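Report on the structure given below.
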Amino acid sequence: MNNFAKTIVTMAKNQHALNTSISGTEWLLGQTSFGKAVNWNRTMYLEAAELIESYPYKHWKNLDVEADFINIGIETADLFHFSLSEGLFVLFWESLKFDIPGMSTCHKISNKEIDFVRNKFKKDPADDFMDGDILEAWLEDRVYSQLARVSGDIYDSIDNVPISTEGVDKNDTLNIKLDYFEKFLSLAVKHSRSSSMDSVEHPNRIIPSFNKKDSSLSRYKKLLASFTVLHMKVEPVDLINIYNAKSVLNYFRQDHGYKDNTYSKEWKFRGKKLEDNYILMIILSELDTFDKEVLYERLETYYKDAK
C-alpha cells in the first residue's frame, strides 16, 4: 500500500465516523437513522457547481476579479468528504454482493436485502450487523482494503495525465481548469442517474448497480480518478489539512444545533461578519501545527463571542 492509499484509508475511517455520528450506520444502507434518503452523488455535483462559482468565469461582470482560492480549498475538501462517502457506500455493497442471494447481478435493493444485511453474522437475537464491532471488522477487512487498492492504482496512473498551463494565457488557463471541474460534475450527474432506483418500494434511495458493463464501482473509480487529478494537478490545495479542519467544523456544527436549525453559519469575527468556513481557514492558517482539539476550542471561543 503506497502512502497515498494509506492516507485515503485513514481519511475514509474518519469519514465513516463522522457520517455515523450524524446519521447512524444506516447511512451505509442509503438512508439516515431517521429514514431520510442519502444521496452522495447529488451532494457531489452540487458541490462541484459551487466550486466552479469560485472562479471568475462570468464574461458579463467582474472581469478582473481573482479566483476565490480560500473557497476553492473549502469546496475541494467538501467534495472529498462526499466522494469518500460515496466510495465507502459503493464498496460496502460491493463487498456484500456475493453473500446476498442474487445481489451479484441485481439492480435493486429491497427491504429483503436490507434485512439480510442487518441479520448477517447474527449470534444473538439482539445482534445487528450494522452496529458495533461486527460492522467495523467487516469494513476493515473488506471495504478499506479495497479502497486502498482502488486509490493506490489511481495514484500510480495520474502521472500519465498531461496537464500543463505553462505559457498559456490567463483566460485559457481558467477554461482548462473549468473543463476538468465540469468533467467531474458530469460524471457525478451520470453516476447519480445511473444509480437511481426505479422502485415503488424505495423511490428515493440511491443504490449500487452490479451491471458488469457499467457498475457503481466502475463509475466510482472514474469519479475518484477525476477528483484526484483535480486536487493534485489541476488546482492543488492542502487537501489533508483542510479536510481534517472541515471535519472538526462539521462536528462543531452538529454539536451546536445544525440539525435543528439553531446554528448560525455567519459569525461576527474580529469586527466583520464572516461565514464559519472562512473563519475556519483563518484559524487554520494561524496554527503552527494541526491540532483538532485546539481548533475546536478556538471555534468554541469565537462562536461564543459571535453571539
#### Entry: Amide H contacts under 5 Å for residue 130, placed H, 5+ residues apart
none
### Query
Among the aspartates and glutamates, which have Cα under 16 Å from the Cα of residue 304 when same-chain residues fewer than 8 positions away are ignored?
255, 266, 275, 276
### Query
If you keep only loop residues by DSSP, which trypsin sites (Lys or Arg not before Pro) in segment 18-89 have at most 14 other Cβ atoms within 10 Å of their Cβ?
36, 58, 61
#### Entry: Percent of Cα-Cα distances greater than 15 Å, calculated over segment 239-307
48 percent
### Task
Filter the cross-link list 112/222; 177/246; 221/259; 36/190; 6/97; 13/273 down to pairs whose alpha-carbon distance in this structure exceeds 28 Å.
112/222; 221/259; 13/273
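What value in Å³ per residue do you get for the convex hull of the alpha-carbon atoms in segment 14-103?
126 Å³
Bear in mind these aren't lab numbers, they're just calculated from the coordinates by the rules spelled out. Keep in mind that what you see is a predicted model, and the values were worked out from it rather than measured. Reconstructed Cβ throughout: ideal geometry from the backbone, glycine too, with neighbour counts over all protein chains shown.
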